[in-house]
Amino acid sequence: MAGPGGAARARFAVVGGGIAGVTCAEQLAAEFPSEDIFLMTASPVIKAVTNFKQVSKTLEEFDVEEQPSSLLEKRYPNIRVIQSGVKQLKSDEHKIYTEDGKEYIYEKLCLCAGAKPKLIVEGNPYVLGIRDTDSAQAFQKNLAQAERVVVVGNGGIALELVYEIEGCEVIWAIKDKAIGNTFFDAGAAEFLLPKLTAESRETPIECKRTKYTLEGSEEKGRPRGASDKLGSALGPDWHEGLHLKGTKEFSHKVHIEILCEVKKIYLQQEFIQLQRTSLTFPKGEKNVEADEVLWPVYVELTNGKIYGCNFIVSATGVVPNVEPFLDGNNFAVGEDGGLKVDKHMHTSLPDVYAAGDICTAAWEPSPVWHQMRLWTQARQMGWYAAKCMAADALGESIDMDFSFELFAHITKFFNYKVVVLGKYNAQGLGSDHELMLRCTKGHEYVKVVMQNGRMMGAVLIGETDLEETFENLILNQMDLSAYGEDLLNPDIDIEDYFD
């Protein structure tokens, strides 16, 4: 319907055609079949959830598919997709102005505008930002001509990307000591590394189940099994039980520069004028040779090394896309730049909700849940935000959704199934916890985080079939002290204990 001055009006409006926005609009459309739902998106395609499977209480698997927005309107005749970016939000007037000069009036609004890649530098044609596995695969196609790329970043995207890249030298700059720190610890990283170099399939070796001490811990001489409260940074001895190659000598095509960041980027001309030396692709520890080749772009790292390459991939995370909404609105904003939402996905402004990457969870979280900007959480938040908007509109009350009880994410790295549960990297647990580990090289890697005899988190790589059992153990916080290291004993069928 048209409002005053020809503005269209709707009971519900959603901004953003990603997973959070589309899920939110679909849920609202289903709950209010006779109301118009506006979905505003700058892109002609939307991201839809397909092949959804509830794997366990909190774990879900689905594919993400780009679809033309007309398909969404076919599925839900009461969704009106407005294909235009938002220019301004006037929350006090409940109005949205779009880039194409139109205005829309809403009763309740959900902002799901996502996040954008955090680029190391803006506006450099040789620096490409990547923010999801989707774009990582498309990116692989652009590599055809490249002889060398520099990848910067150490999350899941960088990890996948380095694995995907073939026939091209990769210099991988990470600010940590070990790869993949967002999802794993050094142990899981080492478990995965052979896949980057896999020339031959190795026979599985059973790794001892062990506990690890903190780096720099005084009591180096103690027996391994000594159970005291230990921290999560793996000590200097952690790889003894793993017998895996260190990062030093690995891979003919991937070279990792650890503990460094990008200091400066030079275009070819600038670099020539600098009269400094860049390096060839390292072949061994000792031989550091000057590079004779001229590259389109050069990267200087904080460790002093300079490498030339065809381009630089910035896979260093995302920043919430709040730009068009802040002006003239007094949003409470989180430290990570997202719009703060309470436990009903409500921002600090009346009738304005937010979900997905744009928002910052500002409620007191469950002890084993934390926010991560992932597709799974975008879907859950979008769905739950719609439920909260509906409840508010109908004057009903609503309970926090169960998916926020336990952090749970399922993905694939290097073709291994990877499940992460709870505080899988001991996030926020301080030093008062211990790790237990079981690893069969080339087959599976199981890590649990324990605190006061209770399971707080787990990483499962490979076909372990432990996810439901561990999910239950984390959710019910049962005291497991009595089981000690048998908790991970492969000869004991742990499910039999806890059904």
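Bear in mind these aren't lab numbers, they're just calculated from the coordinates by the rules spelled out. Keep in mind it's a predicted model, so treat the numbers as computed, not measured. Please note: Cβ atoms are built from the backbone with ideal geometry, for glycine as well, and neighbour counts cover all protein chains shown.
Between D432 and E335, the modelled label-to-label distance comes to 2.0 nm, taking each label 7 Å out from Cα in the direction of the beta carbon. Between M478 and D100, the modelled label-to-label distance comes to 5.7 nm, taking each label 7 Å out from Cα in the direction of the beta carbon. Length gained on full extension, E122 to Q88: 9.9 nm, using 0.36 nm per residue less the C-alpha separation.
Can you compute the FRET efficiency between N303 and D327 using 1/(1 + (r/R0)^6), with r the Cβ-Cβ distance and R0 = 45 Å? Round to the nearest 0.05. Efficiency at R0 = 45 Å is approximately 0.65. Computed from backbone phi with θ = phi - 60° and the Karplus coefficients 6.51, -1.76 and 1.60, the 3J(HN,Hα) list for the range 467-472 is 4, 5, 4, 5, 4, 5 Hz; x is used for glycine and proline. Taking all Cα pairs closer than 8 Å and separated by 6 or more residues, the relative contact order of the range 415-497 comes to 28 percent.
Taking 7 Å along the Cα-to-C-beta vector as the label spot, tell me the K412-W363 distance in nanometres, rounded to one decimal. About 3.3 nm separates the two model spin labels. Extension gain, R276 to D493: 0.36 nm times the residue separation minus the Cα-Cα distance gives 72.0 nm. Each residue of the range 424-440 is assigned a 3J(HN,Hα), and the resulting list reads 5, 10, 6, 3, x, 8, x, 8, 8, 7, 9, 10, 10, 9, 9, 8, 10 Hz, derived from the Karplus form 6.51 cos²θ - 1.76 cosθ + 1.60 (θ = phi - 60°), x at Gly and Pro.
If you plug the beta carbon distance of L294 and S43 into 1/(1 + (r/R0)^6) with R0 = 51 Å, you get a FRET efficiency near 0.85.
With the cut-off at under 13 Å, measuring from each backbone N in the range 378-400 to a point 7 Å along the Cα-to-Cβ line of D342 picks out 392, 398. Near V151, the amide H atoms lying under 5 Å from its own belong to I171, W172, A173, V313; only residues 5 or more places off or on other chains count, and H is placed 1.01 Å from N. Calculated FRET efficiency, T440 and A7, Cβ-Cβ r, R0 60 Å, to nearest 0.05? My answer for the efficiency is 0.45.
Summing charges over all other residues whose Cβ lies under 13 Å from the Cβ of K264, with Lys and Arg as +1 and Asp and Glu as -1, gives 0. Stretched out straight at 0.36 nm per residue, the stretch from Q268 to L394 would grow longer than its current Cα-Cα span by 39.2 nm.
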